[in-house]
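I'd like to ask you about the structure that follows.
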Amino acid sequence: MSISRFVGCIVGSAMGDALGASFEGSLSVSSSQDIHFGGRWTDDTHMMIGMAESLIANKGFSADHMAQTFMSNWEKQPWRGYGPGPPRIFKMMKLGVPWQDAAKQLYDGTGSYGNGAAMRVAPIGILYHNDKEKLRETAIMSAEITHTHKLGKEGAAIQAYAVSLALQTETNTLKPETFLEKIIDFTKNESYKAKLKKAKHLLPIQEKREITRQLGNSIEALNSVPTAIYCFAKNHQDYTKAVSYAVSLGGDTDTIGAMTGAISGAFHGQEKLPPTWKQKLEKSEYLSDLAQKLWKLKTSFSNQNHETPKV
């Protein structure tokens, strides 16, 4: 467990978000040469920050505390590009509706199956990296604050596990096929299993339109979480290539970029992040500080012989 990888994950996620922010909604981006880094991130990073802040303040997971932190941060900066779901929940919370009831009311009572829970889950992936069951449980409980549909919740669990797996894998030993097989084994939903198996078979394919046709690049968790994992696995040797490739697929570029960046950053550590991007990245020092505090929280529990923080 390396503090560099904790920082790489959190800062790397924000970089991927910021890189993709300029291209969100594009059908595709013609080449990596056309991708410029602006440094301003969106709701993806804003909610990831809220998750990290809550985990640190509470010394572990509290759904009530996290829900309040999400709402408070949104109130301060509602212009971050939030999707329609979370603001509706936060507005209901302000009227006194418990977040549990508010989240269930979305989309005619089916709950959201978007990628909003997965895009922010990186802090859970690194904090609970050595306990798969606790990681799954915590990722799903964190998702339920805004995403109660099974596909939204499972997407968060899978993304958290991908981050944890990257964090624990030596950089010179990763085999993309094996990485994907471990995530397939972790997955409990058959739709995700099928999509991740497609990702494994698509590793040698170069045609990007075929990648997006089979894996997706949209806001649904099922059509973006496996895509982000694929983007990392295909380009695992280089952080910049991984996130640039993710953004070049078009669609929900900021979120797929953020999720790819979290996995790749956890794998490579902060030293492999592009320094020019870090200079431009909004609040990069604060993001780094949050990551270091998460690492200190994790090590404090390890030193007390508690393998994982409280839930």
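Looking at the stretch 53-147, what helices (runs of 4 or more DSSP H) fall wholly within it and have at least 3 residues that are without any contact (Cβ under 8 Å) to a residue 40 or more places away in the chain?
Details: elements: 63-76, 85-94, 99-104, 116-119, 122-127, 132-143.
Output list reads 63-76, 85-94, 132-143.
OK, next. Among the numbered criteria (1) farther than 19 Å from residue 85 by Cα; (2) at pLDDT below 95; (3) of a type outside the set (Phe, Trp, Tyr); (4) in contact with a helix residue (DSSP H, G or I) (Cβ under 7 Å, 6 or more places away or on another chain), which one does residue 52 miss?
Result: residue 52 fails condition (2) only.
Now a separate question. Of all the residues that make up the stretch 58-112, how many are among the polar types (S, T, N, Q) and more than 26 Å from residue 254 (Cα to Cα)?
4
Okay, moving on. Filter the stretch 1-39 down to residues that are buried (at least 17 other Cβ atoms within 10 Å of the Cβ) and among the charged types (D, E, K, R) and give me whichever is modelled with the lowest pLDDT.
Step by step, filter the stretch 1-39, then rank; the result is 24.
Conditions (1) more than 26 Å from residue 283 (Cβ to Cβ); (2) at pLDDT 95 or above; (3) of a type outside the set (A, V, I, L, M, F, W, C); (4) touching a helix residue (DSSP H, G or I) at 6+ places or on another chain (Cβ under 7 Å), marked per residue:
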{"residue": "56", "(1), (2), (3), (4)": "no, yes, no, yes"}
{"residue": "66", "(1), (2), (3), (4)": "no, yes, no, yes"}
{"residue": "69", "(1), (2), (3), (4)": "no, yes, yes, yes"}
{"residue": "73", "(1), (2), (3), (4)": "no, yes, yes, yes"}
{"residue": "84", "(1), (2), (3), (4)": "no, no, yes, no"}
{"residue": "89", "(1), (2), (3), (4)": "no, no, no, yes"}
{"residue": "110", "(1), (2), (3), (4)": "yes, no, yes, no"}
{"residue": "134", "(1), (2), (3), (4)": "yes, yes, yes, no"}
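Which residue out of 269, 250 is closer than 23 Å to residue 128 by Cα and surrounded by fewer than 24 Cβ atoms within 10 Å (Cβ to Cβ)?
Working: 250 fails: closer than 23 Å to residue 128 by Cα.
Of 269, 250, the one residue that is closer than 23 Å to residue 128 by Cα and surrounded by fewer than 24 Cβ atoms within 10 Å (Cβ to Cβ) is 269.
Right, something else. Could you list, in sequence order, the residues of the stretch 164-189 that are closer than 21 Å to residue 128 by Cβ, in a loop (DSSP other than H, G, I, E, B) and among the basic types (Lys, Arg)?
The one that is closer than 21 Å to residue 128 by Cβ, in a loop (DSSP other than H, G, I, E, B) and among the basic types (Lys, Arg): 188.
Another question, then. Filtering the stretch 126-161 down to residues that are among the β-branched types (Val, Ile, Thr) and more than 16 Å from residue 112 (Cα to Cα), which residue is surrounded by the fewest Cβ atoms within 10 Å (Cβ to Cβ)? Give the steps one after another, and end with the answer.
So the first thing to find is which residues in the stretch 126-161 are among the β-branched types (Val, Ile, Thr), and the list is 126, 138, 140, 145-146, 148, 158.
Restricting the remaining residues to those that are more than 16 Å from residue 112 (Cα to Cα) gives 126, 138, 158.
Details: 126: 30, 138: 28, 158: 30.
Step by step, filter the stretch 126-161, then rank; the result is 138.
Related question: Specify which of the listed residues (216, 125, 152) is on the phi > 0 side of the Ramachandran plot and in contact with a helix residue (DSSP H, G or I) (Cβ under 8 Å, 6 or more places away or on another chain).
None of the other options fit; the residue is 216.
Got a number for residues in the stretch 215-234 being surrounded by fewer than 24 Cβ atoms within 10 Å (Cβ to Cβ) and under 15 Å from residue 165 (Cα atoms)?
0
The values are calculated or read from the model by the stated rules, or taken from the named source; none is laboratory data. Being a predicted model, the structure only gives us computed values, none of them experimental. Heads up, the Cβs are rebuilt from the backbone with ideal geometry, glycines too, and the neighbour counts pull from every protein chain shown.
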